[in-house]
Amino acid sequence: MKLPPFELERYFAQHEFTVPHLLCVSDCESMTVGQLLDMEPGSRERFEALSLGYTEAPGGEELRAEIAGLYESVVAKDVLGHVGAQEAIFTFATACLEPGDEVVVHMPCYQSLHQVAASRGCTVVPWTAREENGWAPDPDELARLVGPQTKAVFLNSPHNPTGASLNRTGMERVAKVVSRHGCLLFSDEVYRFMEYGPDEAPRPACDLYERAVSLGVMSKSLGLAGLRVGWVACRDKSVLAAMAQIKDYTTICGSAPSEFLAALALRGREAILARLRSITAGNLEILRRFMAAQQGRLAWAEPTGGPIAFPRLASGRDAEPFCAEVLRQSGVLLLPGRLYGEAWKHHFRMGFGRSGFRNGLAALEACLDAGRIAW
């Protein structure tokens, strides 16, 4: 299997740690190890006494128990730990898909959600979200796309890059469509707990359908990307066993310090989430005012979950030169929509989950108001 360059990750590799203003990141504000240890009495002493030997390949028992507690119908043995979400995407596609399989993929999406399958020789059928529908994936369209030949469906909600989120009824309809055909459902839920609005949050896919794989990670909604802890939860033991066999060829097991800190954070997740929801909600309100002021030049479908949005240039121009010029003139990094595919070249991703968003947006606004960029 030969994989092409991961365009988005190459873009971040070039810019992420050198620019003054990151206005397109997909995660939330992080915290220090010390702040995390302060959340639980005795944790510092336990952390200092931690052995730095190998950990269990599926993930430590303590961590898997905490993860299982995030779901209604999952126990610890139904959880398989990974190093971040990216490894889990790779092990699933490698373990569960074969050349010639058909997969239906929610688009636009993080490149690996379709690219690993395509590189394995699978036929990728786009299930395209549309701005005019608020970017929400349409379960009725999914019903038309899925058939006896479909091996797996890939879903992401809340969605990267648009910020669209299925409500409870929408997720149940998706699960019903997939279960009717008995195919696999890989549900990227890395922004779970960051849904907002009046609708009730959806249940995880693995709680709705026994052949669903729910993907989770510490990086996004909890802002702990440096831990590099991800997981899948699934009640189909054959799927987990197949993924575990592939994982033996990748990381084998996780990091003991990371797993300790991840378990601690999950126990204290309500306090962490409350802080990050407050930051995200405040920044979203600032972004709303910015978008209103730029009406006629920028357009968007307002996000309903997560810390990201996907505006576009109202002129219909390609956003890639626009993003490059903004970076040159202001030091503000935006993410060109072309990195998700040619169909989204008029868009760019913005991320508003970090505390530095206000300053970055002010720098962007000053740059645009100066009138030196053609857009």
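The values are calculated or read from the model by the stated rules, or taken from the named source; none is laboratory data. Given the structure is predicted, the values throughout are model-derived calculations rather than measurements. Neighbour counts run over all protein chains shown; Cβ positions are idealised from the backbone, glycine included.
Pull up segment 17-44, narrow it to residues that are β-branched (Val, Ile, Thr) and assigned to a loop (DSSP other than H, G, I, E, B), then point me to the one that is farthest from GLY337 (Cα to Cα).
Initially, segment 17-44 is screened for residues β-branched (Val, Ile, Thr), giving 18-19, 25, 32-33.
Filter once more, so that each one left must be assigned to a loop (DSSP other than H, G, I, E, B): 18-19, 25, 32.
Working: THR18: 21, VAL19: 19, VAL25: 13, THR32: 32 Å.
Ranking the candidates gives THR32 first.
Tell me which residues, restricted to segment 281-300, are closer than 14 Å to ALA362 by Cα and part of a loop (DSSP other than H, G, I, E, B).
Selection gives GLN294 alone.
For residues that are in contact with a strand residue (DSSP E or B) (Cβ under 8 Å, 6 or more places away or on another chain) and in a helix (DSSP H, G or I), scanning just segment 325-339, find the one that is nearest to ASN160 (Cα to Cα).
Checking each candidate, the answer is GLY337.
Can you name the strands (runs of 3 or more DSSP E) wholly within segment 45-162 that have at least 1 residues being surrounded by fewer than 18 Cβ atoms within 10 Å (Cβ to Cβ), hydrophobic (A, V, I, L, M, F, W, C) and modelled with pLDDT of 95 or more?
Values: elements: 79-82, 102-107, 123-128, 150-156.
Of the strands (runs of 3 or more DSSP E) lying wholly inside segment 45-162, those with at least 1 residues that are surrounded by fewer than 18 Cβ atoms within 10 Å (Cβ to Cβ), hydrophobic (A, V, I, L, M, F, W, C) and modelled with pLDDT of 95 or more span 123-128.
Within segment 197-216, work out how many residues are modelled with pLDDT under 95 and in contact with a strand residue (DSSP E or B) (Cβ under 6 Å, 6 or more places away or on another chain). Full working, then the answer.
Residues of segment 197-216 modelled with pLDDT under 95: 197-201.
Next, from what is left, pick out any that are in contact with a strand residue (DSSP E or B) (Cβ under 6 Å, 6 or more places away or on another chain): 201.
The qualifying residues number 1.
Give the residue, chosen from LEU276, LEU240, LEU264, that is among the hydrophobic types (A, V, I, L, M, F, W, C), touching a strand residue (DSSP E or B) at 6+ places or on another chain (Cβ under 9 Å), modelled with pLDDT of 95 or more and within 27 Å of GLN86 (Cα to Cα). Talk me through it step by step, then tell me what you get.
Details: LEU276 fails: touching a strand residue (DSSP E or B) at 6+ places or on another chain (Cβ under 9 Å); LEU264 fails: touching a strand residue (DSSP E or B) at 6+ places or on another chain (Cβ under 9 Å).
After applying the criteria, what remains is LEU240.
Just the residues that are closer than 19 Å to SER165 by Cα and either of a type in the set (S, T, N, Q) or out of contact with any Asp or Glu (no Cβ under 7 Å at 6 or more places or on another chain) (or both), please, taken from segment 219-233.
Within segment 219-233, SER219, SER221, LEU222 qualify.
Checking SER221 against (1) hydroxyl-bearing (Ser, Thr, Tyr); (2) out of contact with any Phe, Trp or Tyr (no Cβ under 7 Å at 6 or more places or on another chain); (3) not assigned by TED's automatic domain parsing to the domain that holds ALA363: exactly one of these is not met. Which one?
SER221 satisfies every listed condition except (2).
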